[in-house]
Structure formats: C-alpha cells, structure tokens
Amino acid sequence: MIALGSDHAGFYLKEEVRRYLDERGIKYKDFGANSEESVNYAEYAEKVANSIVKRECKRGIVICGTGIGISIAANKVNGIRAAACSDYYSAIMSRRHNDSNILALGARVVGPGLALTIVEGWLNEDYEGDRHQERLDYISEIEARNRG
Ligand code: RB5
C-alpha cells in the first residue's frame with residue numbers, strides 16, 4: 001500500500017499520481033489534501049509518515065510546491081527517509097542507496113510527465129543494502145541520540 005499526501009500546491013499532481021496508480025492496479029491510501037484550498041503541508045507529511053512507521057503503508061509519495069517543505073516535515077518522524085527528487089537518477093538512487101521510504105515531489109518544479117517517470121522509477125527500484133546499511137544504521141543512531 002502506497003500512502004499519498006499533498007498540500008494545495010501538490011493537489012493536482014497527486015490526482016495525476018492517483019490516476020497512474022489506478023491504471024496499474026497499485027493500491028494506495030490518500031491522506032489528502034482534497035482540494036486546492038490552502039493548507040499546511042506539514043500536516044499531510046505527518047499523516048503519510050505515521051502510516052509508514054506504523055506499517056499501515058509500505059512507502060509514501062508526498063507533494064507540495066517544491067517538495068522541500070513536505071520532505072522536511074516528513075523527515076521529522078523517526079524512521080522516515082524522505083527524498084525530495086526532481087530528476088529520475090536521484091529518485092532511483094534514493095531507493096538503491098538510501099532506502100528512501102517517501103518520495104517527495106515539487107508540483108511547481110516538475111511537470112506531470114517527468115513526475116510520473118520519477119514515480120515509476122522510484123516504485124520499481126529496490127534497496128541494495130550491503131555497505132549502505134551501516135550508513136542507515138548511523139542515521140538511526142542519530143535519531144535515537146536526539147529523541148526529545
Ligand atoms: C505553498 O505555497 C508552498 O509554500 C508549499 O507548497 C511548498 O512549496 C513548501 O515547501
């Protein structure tokens with residue numbers, strides 16, 4: 001199950017992503033926003049992030065204007081590795097090397113064609129593990145050391 005979330009700026013692109021997933025029979029849970037009415041991206045980032053750490057959803061896609069605010073907010077949740085990507089290479093490498101569990105897109109940065117190409121690459125790519133795992137373990141240790 002893929003978790004989806006956006007703010008108002010990302011709403012239309014989230015609709016495109018929903019269509020993409022529907023056409024391929026990929027299951028998702030849409031946490032909103034549900035319109036272009038102005039909202040706070042952090043709220044939707046937190047909902048998507050929580051669904052992943054609680055294992056309700058496997059991975060998530062979040063969208064705001066730039067992909068930056070919503071990725072920063074998602075990364076505040078322990079266990080989340082959100083990657084803001086506006087190119088294909090970064091997106092697939094974020095899976096291979098960083099085991100990104102959230103892809104963040106900027107609806108004002110990438111057009112729908114490129115965005116869906118990025119989504120496809122990111123969904124299909126696997127984590128390589130191996131030497132990358134000790135780096136991810138270190139990141140988890142940073143989280144543990146800095147828990148409030
Ligand atoms: C909303 O105007 C915009 O600030 C937001 O979508 C996002 O780009 C923040 O990082």
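Side notes on the structure shown:
Results for (1) in contact (Cβ under 8 Å) with a residue 12 or more places away in the chain; (2) within 15 Å of the ligand (Cβ to nearest atom), shown as yes or no for each residue.
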| site | (1), (2) |
| --- | --- |
| E15 | no, no |
| D22 | no, no |
| K29 | yes, no |
| Y44 | yes, yes |
| C57 | yes, no |
| C64 | yes, yes |
| I70 | yes, yes |
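- Number of the exception - I80 against (1) over 22 Å from Y20 (Cβ atoms); (2) open to solvent by less than 40 Å² (accessible area, probe 1.4 Å); (3) outside any loop (DSSP other than H, G, I, E, B): (3)
- Test result for R55, part of a loop (DSSP other than H, G, I, E, B) and open to solvent by 80 Å² or more (accessible area, probe 1.4 Å): yes
- All of (1) within 16 Å of the ligand (Cβ to nearest atom); (2) of a type in the set (D, E); (3) crowded, with 17+ Cβ neighbours inside 10 Å hold for E36 with one exception: (3).
Let's see how each residue does on (1) away from the ligand (no atom under 16 Å from the Cβ); (2) within 19 Å of I52 (Cα to Cα); (3) in contact with a strand residue (DSSP E or B) (Cβ under 8 Å, 6 or more places away or on another chain):
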{"site": "G79", "(1), (2), (3)": "yes, yes, no"}
{"site": "S100", "(1), (2), (3)": "yes, yes, yes"}
{"site": "G106", "(1), (2), (3)": "no, no, yes"}
{"site": "G121", "(1), (2), (3)": "yes, no, no"}
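- So G5, is it within 16 Å of the ligand (Cβ to nearest atom) and either modelled with pLDDT of 95 or more or loosely packed, with under 15 Cβ neighbours inside 10 Å (or both): yes
The values are calculated or read from the model by the stated rules, or taken from the named source; none is laboratory data. All of these numbers come straight from a predicted model, not from anything done at the bench. For neighbour counting, all protein chains shown are included, and Cβ atoms are generated from backbone atoms with ideal geometry for every residue, glycine included. We work out accessible area using only protein heavy atoms, side chains counted, and drop any ligands, DNA or RNA first. Shrake-Rupley method; radii C 1.70, N 1.55, O 1.52, S 1.80 Å.
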